[in-house]
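Visitor: One structure coming up, written as structure tokens, with questions to follow.
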Amino acid sequence: MNQSRLVDEPGNGRLEIFDLPTDTETLRRLLTDIFENYWDRIHFGSAVQGGVFEIRAPNPPREIRYLDGYLTVDFGHWHFHLCIGEHKGTSINPASADLAQHRRTARAELYRRLRDHDRPSSWGLRLFNGKAEQQMTVFLPNPYLSDEQQILKEPVWEHLDLWNHLRADYLGLPPDPKDLTASRIICG
């Protein structure tokens, strides 16, 4: 069974982290699952000191494709690329081994932020490249927020369905009763 670890982030509280495999097929299946099946329930982007981008997809992806190590999720008017596999570059512009290693996802984790006496307050997925720089955060549905990010008066526990699905499918873990003690303090 997958064990979690606790990490204190100065100014951001405590995270409980569940490490995920970073092989190409697992990441490709994970990201395709999330963006094809839950595109309308998630927010995603980068979350670095000084800037958080919480993007919501306007529609289901028109295409998800993979080429030269990059997964592309195309929504029509815009798209993104994420290096999750072996990247070689082109014959005219080959990627050095160091650059390819820098770009590729080296760490993937499901997390839940703990606040208010170690009660969960948010849930997500984070990907980091070979230099430990954040590639992407996917902010998962929160029982205290609507899909439009409006604060709810009462929790909607079904919002944890995606979290529970990811725990079961990618970690082999059942739902955790701890999630039903969620704090009303909301933060990604």
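Visitor: In segment 169-187, which residue that is assigned to a loop (DSSP other than H, G, I, E, B) and surrounded by 16 or more Cβ atoms within 10 Å (Cβ to Cβ) is modelled with the lowest pLDDT?
Guide: Ranking the qualifying residues of segment 169-187, first place goes to ILE186.
Visitor: Here's another thing I want to ask about it. When the residues of segment 1-31 are narrowed to those that are within 12 Å of the chain's Cα centre (by Cα) and either of a type in the set (Ser, Thr, Tyr) or under 19 Å from LEU67 (Cα atoms) (or both), which ends up surrounded by the most Cβ atoms within 10 Å (Cβ to Cβ)?
Guide: LEU31
Visitor: Could you tell me which residue of segment 35-56 is nearest to the chain's Cα centre (by Cα), considering only residues that are among the hydrophobic types (A, V, I, L, M, F, W, C) and either over 30 Å from THR90 (Cβ atoms) or at pLDDT 95 or above (or both)?
Guide: Per the stated criteria, the residue is PHE44.
Visitor: Working carefully through the options ASN129, ASN142, find the one that is under 22 Å from PRO21 (Cβ atoms) and free of Cβ contacts under 8 Å to residues at least 60 places away in the same chain.
Guide: ASN129
Visitor: Here's something else I'd like to know. Can you name the residue in segment 127-168 that is of a type in the set (Val, Ile, Thr) and outside any loop (DSSP other than H, G, I, E, B) and is also farthest from THR26 (Cα to Cα) among such residues?
Guide: Looking at the filtered set, the residue picked out is ILE151.
Visitor: On to the next question. Check segment 172-188 and report whether any residue there is of a type in the set (Gly, Ala, Ser), farther than 27 Å from PRO21 by Cα and more than 20 Å from the chain's Cα centre (by Cα).
Guide: yes
Visitor: If the Cβ limit is 6 Å and pairs must be 6+ apart or interchain, which residue in segment 149-167 that is under 16 Å from SER121 (Cβ atoms) pairs with which residue that is part of a helix (DSSP H, G or I)?
Guide: Sorted first by the residue in segment 149-167, then by its partner, the pairs are LEU160/ASP179.
Visitor: While we're looking at this one, here's another question. Looking only at residues in segment 11-33 that are part of a helix (DSSP H, G or I) and touching a helix residue (DSSP H, G or I) at 6+ places or on another chain (Cβ under 8 Å), which one is farthest from LEU166 (Cα to Cα)?
Guide: THR26
Visitor: Name the single residue that is nearest to GLY13 (Cα to Cα) among those in segment 86-113 being assigned to a strand (DSSP E or B) and aliphatic (A, V, I, L, M).
Guide: LEU110
Visitor: Suppose we filter segment 60-104 for residues that are touching a residue at least 60 places away in the same chain (Cβ under 8 Å) and touching a helix residue (DSSP H, G or I) at 6+ places or on another chain (Cβ under 6 Å); how many remain?
Guide: Here the count works out to 2.
The values are calculated or read from the model by the stated rules, or taken from the named source; none is laboratory data. Just so we're clear, the structure is a prediction, and the values are computed from it rather than from any experiment. As a convention, Cβ positions derive from the backbone with ideal geometry for all residues, glycine included, and neighbour counts pool all protein chains shown.
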